[in-house]
């Protein structure tokens, strides 16, 4: 089974637990929504990677009467978001944002904390940009390479394998921010990552043994007390 299929399965399995573990994603969605263009400039909207609807709720509120297509690569996530907004008018579909044969065009394409799961983000962004109407815009957020620096430093100091993705960068970034999230400890941090479906490691990762994981968790608790940084990138492309 390919890496992308593992990503989909992980999100499918954890869709029910997502809302209880996504406070960081919720705050980022709120910030991104505030940056989006006013509704009278927009008719057709595409959301990539809706999850359970952190950004979707703002789209419904800000773009009432517009044509919304809400998508995710995970069927379970689409169904959960669709049920949450059952009274809202939208087109819901399962779609891989970087491998879609969709030929429609949009005034606005948005995505909150999903692009890191693309296998070729450069090609994906180019493809999505080609789906913009004249004067259309693509807005997205994704983790930056300083995310979880505390955990990565602990693993580096212990000479242990790092499973965290190599988060890409982009020339289209207009804002960066660091969000320090206070987890209860290393175990809570790792459990939270799994419970939002983000437990799929990089392709070349060698899993830690139980002893190594215990050692790393103890070091994170000792050195950082459960606090972990989310480095967030906000990107925009205008056509």
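A straight line joining the Cα centroids of the stretch 133-158 and the stretch 1-51 runs 15 Å.
Residues 64, 98 in ascending order of nearby Cβ atoms (within 10 Å, fewest first): 64, 98. Our helix-only sum for the chain, with -39,500 (n - 2.57) per DSSP H run of n ≥ 4 divided by its residues, gives a mean residue ellipticity at 222 nm of -10500 deg cm²/dmol.
In degrees from 0 to 90, rounded to the nearest 10, what is the angle of the helix 210-224 Cα long axis to the longest principal axis of the chain? The helix 210-224 is inclined about 80 degrees to the chain. For the pair residue 34 and residue 101, label points projected 7 Å from Cα toward Cβ lie 4.2 nm apart.
When DSSP beta bridges are restricted to pairs lying wholly in the stretch 109-239, around 80% turn out antiparallel. For the stretch 176-215, the normalised intensity computed at q = 0.27 Å⁻¹ comes to -1.09 (log10 of I(q)/I(0), Debye sum over alpha carbons, equal scatterers, no solvent). Of the peptides 4-11, 200-207, the ranking by mean beta-carbon count within 10 Å, highest at the top, reads 4-11, 200-207. With 10 Å bins beginning at zero, the pair-distance distribution over Cα atoms of the stretch 7-116 amounts to 14, 51, 32, 3 %. Size check on the stretch 18-59: the Cα extents along the three principal axes, sorted descending, read 34, 17, 12 Å. The angle between the Cα long axis of helix 186-195 and the main principal axis of the chain comes to about 30°, on a 0 to 90 degree scale. Using only the C-alpha atoms, the convex hull of the stretch 149-230 corresponds to 112 Å³ per residue. Once each part is reduced to its C-alpha centroid, what is the distance from the stretch 98-126 to the stretch 207-237 in angstrom? About 28 Å separates the Cα centre of the stretch 98-126 from the one of the stretch 207-237. Rg and Dmax of the chain, based on Cα coordinates, read 18.0, 57 Å.
Can you compute the FRET efficiency between residue 23 and residue 83 using 1/(1 + (r/R0)^6), with r the Cβ-Cβ distance and R0 = 30 Å? Round to the nearest 0.05. E between residue 23 and residue 83, to the nearest 0.05, is 0.90.
Values quoted throughout were computed directly from the atomic coordinates according to the rules given, and no laboratory measurement underlies them. These figures come from a predicted structure and were not determined experimentally. We place every Cβ from the backbone using ideal geometry, glycine too, and count neighbours over all the protein chains shown.
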